[in-house]
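Only the coordinates and a few stated rules stand behind these numbers; no lab work does. Owing to the predicted nature of the structure, the values given are computational and were not obtained by experimental measurement. Ideal geometry is used to build each Cβ from the backbone, glycine not excepted, and the neighbour counts take in all protein chains shown.
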Amino acid sequence: MLYDPNLLVSFLAVTEAGSFSEAARRRGLRQSTVSQHVRRLEQATRRRLFDRDTHSVALTVDGQALTLLASDILVAHSRAERYFSHAELRGRVRFGASEDFALSPLLPEVLRAFASRHPAVDLEMTVGLAADLYERMDQGSLDLIFAKRRAGEERGRSVWREDMVWVAAKDWRRDPDRPLPIVVYPPRSITREAVLIALEGADIPWRIACSCGSLSGLVGAVAGGLGVGAQSACLKADGVVALGPEAGLPALGATEFVVVPAVRRPSAPVEALAGTILDLGRAYHSAFQSDCRI
């Protein structure tokens, strides 16, 4: 097999660890075995994948390309294994979900589909800010998260990408003589950062009229007319409306929702949940875009 999954796992372990010895320790293998796996990949691809010396290991251009491809290959291999295996999945998935996903119609669809396909898998769900979910996953307490992509973050598989929108109460009117009242999450929020960068870049005076750690609280504050907020267009909450260009507010830029497993080669239950989110999430977003064009 040209791209033996076992060889690819060792290759990715070296890219993550930055050394063959640490990759071997993480995989529970001898260093010579990991080195042999990489040599076999280099022979199969006819490319040098790493520049090595006594002090460091660095990916070549071809190694960087294989890094991007390897994760997709392992995902496809895992899906094929599940498809052709009649064994029932069992286990537990510690799943972290962003609040906008948790309050959307998409979450029940995902949970219903997953439970019907894998009734013996237990879910332990945590809902919170993206920054907190990434932190908890890095600490080892979550197996998979679905959240906005963090700035500078490269892990994960993209479910969809879209522009964020300003939201307000239906009868909200901006007072040009006063600083713009905004309703935002506490610091460390990806959405809050986008809002403040956009307003500062447009030189628009602002004040924080309400800060809240829960999306339901923020939506209530916006719907109550305390100020404007920002949300994913696709996951916009009921009770608020998206503001158009006539509001005179700056563009907020794009946000990307991703599924991120805690490890490069997740367990079968984790991969099954990630696949369900990817399939239904992309379909949900595609249907949303179609409705917007009507």
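Tell me, Ile277, Ile204 in order of fewest to most beta-carbon neighbours within 10 Å?
With the sparsest Cβ surroundings first, the list reads Ile204, Ile277.
Relative to the present Cα-Cα distance, how much length would full extension add between Glu124 and Val241 at 0.36 nm per residue of separation? Present the calculation step by step, with values, prior to reporting the outcome.
Working: separation 117, 0.36 × 117 = 42.12 nm, distance 3.26 nm.
That pair, Glu124 and Val241, stretches by 38.9 nm at full extension.
What is the gain in length, in nm to one decimal, between Glu193 and Arg155 on full extension, counting 0.36 nm per residue of separation less the C-alpha to C-alpha distance?
11.6 nm
If you line up the long axis of helix 190-201 against the longest principal axis of the chain, both from Cα atoms, how many degrees apart are they, to the nearest 10?
Tilt of helix 190-201: around 60 degrees.
Calculate for the chain the 222 nm mean residue ellipticity that helices alone would give, adding -39,500 (n - 2.57) per DSSP H run of length 4 or more and normalising by residue count, nearest 500 deg cm²/dmol. Could the numbers behind the result be given before it?
Values: 10 runs with 132 residues, N = 294.
That comes out to -14500 deg cm²/dmol.
Could you line up Arg207, Arg265, Arg47 from fewest to most neighbouring Cβ atoms inside 10 Å?
Least to most surrounded, the residues fall as Arg207, Arg47, Arg265.
Mind giving me the nanometre distance, one decimal, between the label points for Thr54 and Ser214, set 7 Å out from Cα along Cα→Cβ?
In this crude label model, Thr54 to Ser214 measures out at 6.1 nm.
Provide the FRET efficiency to the nearest 0.05 for the Arg117-Thr33 pair, computing r from the beta carbons and using R0 = 35 Å.
After rounding to 0.05, the efficiency reads 0.45.
So how far apart, in nm, are the two label points at Glu256 and Arg90 if each is 7 Å from Cα heading toward Cβ?
Label at Glu256, label at Arg90, 3.9 nm between them.
Got the relative contact order for the chain handy, in percent, Cα pairs under 8 Å and 6 or more residues apart?
Computed value for the chain: 20 percent relative contact order.
List the residues whose amide H sits under 5 Å from the amide H of Leu59, counting only those 5 or more places along or on another chain, with H placed 1.01 Å from N in the peptide plane.
For Leu59, whose amide H was placed from the backbone, the distant partners under 5 Å are Asp51.
Please work out how much length the chain gains when fully extended from Glu16 to Asp4, using 0.36 nm per residue of separation minus the C-alpha to C-alpha distance, in nm with one decimal.
Full extension from Glu16 to Asp4 adds 2.5 nm.
Based on the Cα coordinates of segment 5-84, what is the per residue volume of their convex hull in Å³?
Dividing the Cα hull volume of segment 5-84 by its residues yields 91 Å³.
In the chain, if the dipole is taken from +1 on Lys/Arg beta carbons and -1 on Asp/Glu beta carbons about the Cα centre, which of Leu243, Leu7, Ala113 is farthest to the positive end?
Leu7
With the dipole of segment 5-84 worked out from charges on the C-beta (+1 for Lys and Arg, -1 for Asp and Glu) around the Cα centre, which of Ser71, Ala17, Ser35 lies farthest toward the positive end?
Farthest towards the positive pole: Ser35.
Beta carbons within 10 angstrom, averaged per residue: use that to sort the peptides 235-244, 181-190, highest first.
In decreasing order of mean packing, 235-244, 181-190 become 181-190, 235-244.
In what sequence, highest mean first, do 191-203, 168-180 appear when ranked by Cβ atoms within 10 angstrom?
191-203, 168-180
With N denoting the number of residues in the chain, provide Rg(C-alpha) divided by 2.2 N^0.38 Å, to two decimal places.
1.17
Amide H to amide H, which residues 5 or more places from Arg92 or on other chains are under 5 Å from it, using H placed in the peptide plane?
HN-HN under 5 Å from Arg92: Asp122.
Run the quick spin-label model on Ser286 and Asp171: label points 7 Å from Cα toward the beta carbon, then report their separation in nm to one decimal.
4.2
Please compute the volume of the convex hull spanned by the alpha-carbon atoms of segment 35-151 and report it per residue in Å³.
171
Select from Ser232, Ala168, Leu144 the residue farthest towards the positive end of the dipole of the chain; place +1 on Cβ of Lys and Arg, -1 on Cβ of Asp and Glu, and compute about the Cα centre.
Leu144
Any idea what angle helix 61-84 forms with the longest principal axis of the chain, computed on alpha-carbon atoms, 0 to 90 degrees, nearest 10?
Its long axis makes an angle of about 90 degrees.
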